[in-house]
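Below is one structure; the comments refer to it alone.
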Amino acid sequence: MADTKQDVLRDLLDVLEELTRLTTLEEGDVQSFRVRAYESAARAIEGYPGDVAKLSVTELQKLEGIGKSTAAKIREYLDTGKLAKLGELRAKFPASVVALLNVQGLGPKGVLRLRSELGVQSLDDLRRAVAEQKLRGLKGFGAKSEEKLAHTLARMAAQGEGRTPISVALPLAERIVAHLSEVPGASFVGYCGSLRRFCETVGDVDVIVAATYAAPVMDAMVAMSVVDRVLVRGDTKTSVVTRRGTQVDVRVVQPEQLGAAMLYFTGSKAHNVKLRQRALARGFTLNEYALAELETGRVIARETEGAIYAALGLPFIPPVLREDMGEIEAAERGALPRQISDIRGDFHVHTTVSGDGRSDLGDVVAAARARGYRVLAITDHAEGTLSGVGRDALLEQRARIAALQRELGDAMALLHGVELNIGADGALDYDLEFRRQFDFCLASVHDHFDLPRERQTARIVQAMRDPTVRMIGHLSARMIGGRPGIDVDVDAIFDAAEEHGVALEVNGGLPRLDVSVDVLRRGRDRKVTFVLTSDAHHATELDRVRFAALNAERAGVDPERVANTWDADRLLAWARARR
Ligand code: DGT
Ligand code: CA
Ligand code: CA
Ligand code: ZN
């Protein structure tokens, strides 16, 4: 089966990403010239509207962000499916060493020093070295950073360091699904397991394919370029491990059994157990093949999940709710939470005005219009953030927004907003007078992650008291699988949110998903307004708002608590309201 244009593009981006990571190790610097060259090449390719594979070295070089040597590497990979430089780097840095880059606070320099001076080649080695207090004598480390590392390692172990963050697992799964969907005879391909339930990390990715013949599906799976090794190659199940260390289980089922298989392999286990008890109470058995009569084995339902739920006297239960947290009981009472639909706007969006934004204002606005939004707040970083800007740049942007608004008319309201940085003691950027001139201010934490709970809580509450702050962005500032969240008293934050009428963001960026599902569950019955956002740094990332919606649905938050679902007038009045 020939690779499609999309596959080629994704493979190429993967290769560039791996090259970037390995080069940080080779050079001991995340900011080296070559690291940045690969990063900017990846962005150029992502943004290129045509077929990259058709471009010559010279044509590649003409794209902004691609230099001569990177252009040659790209061509080499497209022509041969291989890259000599990558092979060389892989030989130099085995996967267990690359995995050390995931240890917060170590960085490529630290990894290299630990390897050369202490022979640390893996997380286990590092754990041993820390336990034996071997780091404190090392230049650039010391007792303090050794203690910090011990802390980080303990946290990684507690989070299940073998688990893959959803920001890696979901794109991987979507890519596998797209690839296997092209196999002739595959009538359905989808992912199940914890990923379909939208868990923040997954132990492995479970993919289900409905097909009469399994062999072509399994052939296509093991041939994918993301695959590092094959663990099991069977008739109904194949398991592989990707280069980044994620296990993927692919199961082929007969098309008429698809529903039963999807239900079973989506889980959770606890949800399945409850359903099976319910089936037994009705004289049925339920397994991955069918819901059937206990006595006769006669099949009652198996083609769709909905048919199985219906035969058990239940409405369809959305996968994100299947955690045995009362959803079956709620379904029985007809009291499942309402779905979140009709998202009418976004309130956390960056443009090239932010140092880390990658789409021009005009492109972001056009993309928002294409989604049918009625309100859009442009919220670039204020000067207190690393990638933020000063007043002049924002005033210039304000004029551009006003001009765009004239073109848009009533179709969509553009708000000139800003993402303020919350200082260690709660101070915000600029001065009150300047902040008041924005249509919409959100405030969020971007540094000082290690403050004790009272100070973290106090600094955020202090920001909430500011009359210009409409919303607190990514409350915990965590990066799933990377940085832990800051320590805050969530109940005190809810109290302040109710008192000051400040909303809490539900950030849909997969590395963040912040506020988390846990905080959403705790806040479900408080009078707190939640706002779904994409935190897009590129026009295509506006789509991430759907992840925010899934996270809110996981927690069973009612749409009435979610500002984006309000009608346009109410939403706009809320966004502009001044205290
Ligand atoms: P993970 O991979 O650890 O993030 O979590 P899951 O939920 O994806 O678990 P996994 O991959 O072991 O299995 C996928 C689904 O298959 C699981 O959610 C429920 C179902 N399943 C697996 N083993 C059992 C079992 O022993 N009993 C029942 N009832 N269901 C099972
Ligand atoms: Ca799984
Ligand atoms: Ca599995
Ligand atoms: Zn932001």
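Evaluated against (1) over 17 Å from the mean Cα position of the chain (by Cα); (2) modelled with pLDDT under 95; (3) within 16 Å of ligand 1 (Cβ to nearest atom), ARG163 falls short on exactly one condition, (1). Only a single item in (1) touching a strand residue (DSSP E or B) at 6+ places or on another chain (Cβ under 6 Å); (2) of a type outside the set (Val, Ile, Thr); (3) in contact (Cβ under 8 Å) with a residue 12 or more places away in the chain is not met by GLN405, and it is number (3). Tallying residues that are closer than 24 Å to GLY355 by Cβ and in contact with a strand residue (DSSP E or B) (Cβ under 6 Å, 6 or more places away or on another chain) within region 532-547 yields 6.
Does MET471 satisfy the condition of being assigned to a strand (DSSP E or B), buried (at least 17 other Cβ atoms within 10 Å of the Cβ) and either of a type outside the set (D, E, K, R) or more than 22 Å from the chain's Cα centre (by Cα) (or both)? Criteria met by MET471. Screening LEU263 on (1) more than 14 Å from ligand 3 (Cβ to nearest atom); (2) under 26 Å from the mean Cα position of the chain (by Cα); (3) not assigned by TED's automatic domain parsing to the domain that holds PRO319 shows it passes everything except condition (3). Which members of region 151-193 meet the condition of being acidic (Asp, Glu) and either at positive phi or surrounded by 14 or more Cβ atoms within 10 Å (Cβ to Cβ) (or both)? Within region 151-193, GLU161, GLU182 qualify. Can you pull out every residue in region 225-239 that is at pLDDT 95 or above and in contact with a helix residue (DSSP H, G or I) (Cβ under 6 Å, 6 or more places away or on another chain)? Result: VAL230, THR238. Taking the criterion of being closer than 24 Å to LEU170 by Cα and either at pLDDT below 95 or among the small types (Gly, Ala, Ser) (or both), would at least one residue in region 49-67 satisfy it? For region 49-67, residues closer than 24 Å to LEU170 by Cα and either at pLDDT below 95 or among the small types (Gly, Ala, Ser) (or both): present.
Hey, among ALA477, ALA492, which residue is buried (at least 21 other Cβ atoms within 10 Å of the Cβ) and not in a strand (DSSP E or B)? That would be ALA477, the only listed residue that is buried (at least 21 other Cβ atoms within 10 Å of the Cβ) and not in a strand (DSSP E or B).
Exactly one residue out of ASP29, ASP14, ASP51 is over 24 Å from SER359 (Cα atoms) and acidic (Asp, Glu), and it is ASP29.
Residue under question is LEU172, and the condition is that it be more than 24 Å from LEU550 (Cα to Cα) and within 16 Å of ligand 2 (Cβ to nearest atom); does it hold? Judged against the criteria, LEU172 is not a match.
Mind checking which residues of region 556-579 are assigned to a loop (DSSP other than H, G, I, E, B) and out of contact with any Ser or Thr (no Cβ under 9 Å at 6 or more places or on another chain)? Within region 556-579, GLY556, VAL557, ASP558, TRP566, ASP567, ALA577 qualify. Please determine, by comparing only the residues of region 73-84 that are of a type in the set (A, V, I, L, M) and surrounded by 13 or more Cβ atoms within 10 Å (Cβ to Cβ), which one is modelled with the highest pLDDT. Step by step, filter region 73-84, then rank; the result is ILE74. Among the residues of region 187-205, those identified as in contact with a Pro (Cβ under 8 Å, 6 or more places away or on another chain) and more than 16 Å from ligand 1 (Cβ to nearest atom) are SER187, PHE188. All conditions but one from (1) in contact with a helix residue (DSSP H, G or I) (Cβ under 8 Å, 6 or more places away or on another chain); (2) more than 30 Å from SER181 (Cα to Cα); (3) assigned to a helix (DSSP H, G or I) apply to LEU13; the one that does not is (2). The residue list LEU432, LEU394, LEU414 contains one member that is touching a helix residue (DSSP H, G or I) at 6+ places or on another chain (Cβ under 8 Å) and either surrounded by 14 or more Cβ atoms within 10 Å (Cβ to Cβ) or under 21 Å from ALA577 (Cα atoms) (or both), which is LEU414.
Table: residues versus (1) of a type in the set (S, T, N, Q); (2) within 24 Å of ALA413 (Cα to Cα).
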residue: ALA443; (1), (2): no, yes
residue: GLU454; (1), (2): no, no
residue: ILE460; (1), (2): no, no
residue: MET464; (1), (2): no, no
residue: THR468; (1), (2): yes, yes
residue: ILE480; (1), (2): no, no
residue: VAL488; (1), (2): no, no
residue: ALA497; (1), (2): no, no
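Here LEU286 passes the criteria (1) aliphatic (A, V, I, L, M); (2) farther than 25 Å from ASP11 by Cβ; (3) within 15 Å of ligand 2 (Cβ to nearest atom); (4) surrounded by 21 or more Cβ atoms within 10 Å (Cβ to Cβ) except the one numbered (3).
Quick grid of which residues meet (1) within 17 Å of ALA261 (Cβ to Cβ); (2) outside the structural domain of ALA549 (by TED's automatic domain parsing); (3) within 16 Å of ligand 2 (Cβ to nearest atom):
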site: ALA186; (1), (2), (3): yes, yes, no
site: ARG196; (1), (2), (3): yes, yes, yes
site: VAL209; (1), (2), (3): yes, yes, yes
site: ALA214; (1), (2), (3): yes, yes, no
site: VAL222; (1), (2), (3): no, yes, no
site: SER225; (1), (2), (3): no, yes, no
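If you go through region 427-455 and keep only what is within 19 Å of ASP514 (Cβ to Cβ) and assigned to a loop (DSSP other than H, G, I, E, B), you end up with VAL445, HIS446, ASP447, HIS448, PHE449, ASP450, LEU451.
The lone criterion from (1) surrounded by fewer than 18 Cβ atoms within 10 Å (Cβ to Cβ); (2) free of Cβ contacts under 8 Å to residues at least 60 places away in the same chain; (3) under 31 Å from the mean Cα position of the chain (by Cα) left unmet by ALA95 is number (2).
The values are calculated or read from the model by the stated rules, or taken from the named source; none is laboratory data. This is a predicted model, so every value here is computed, not measured. Ideal geometry is used to build each Cβ from the backbone, glycine not excepted, and the neighbour counts take in all protein chains shown.
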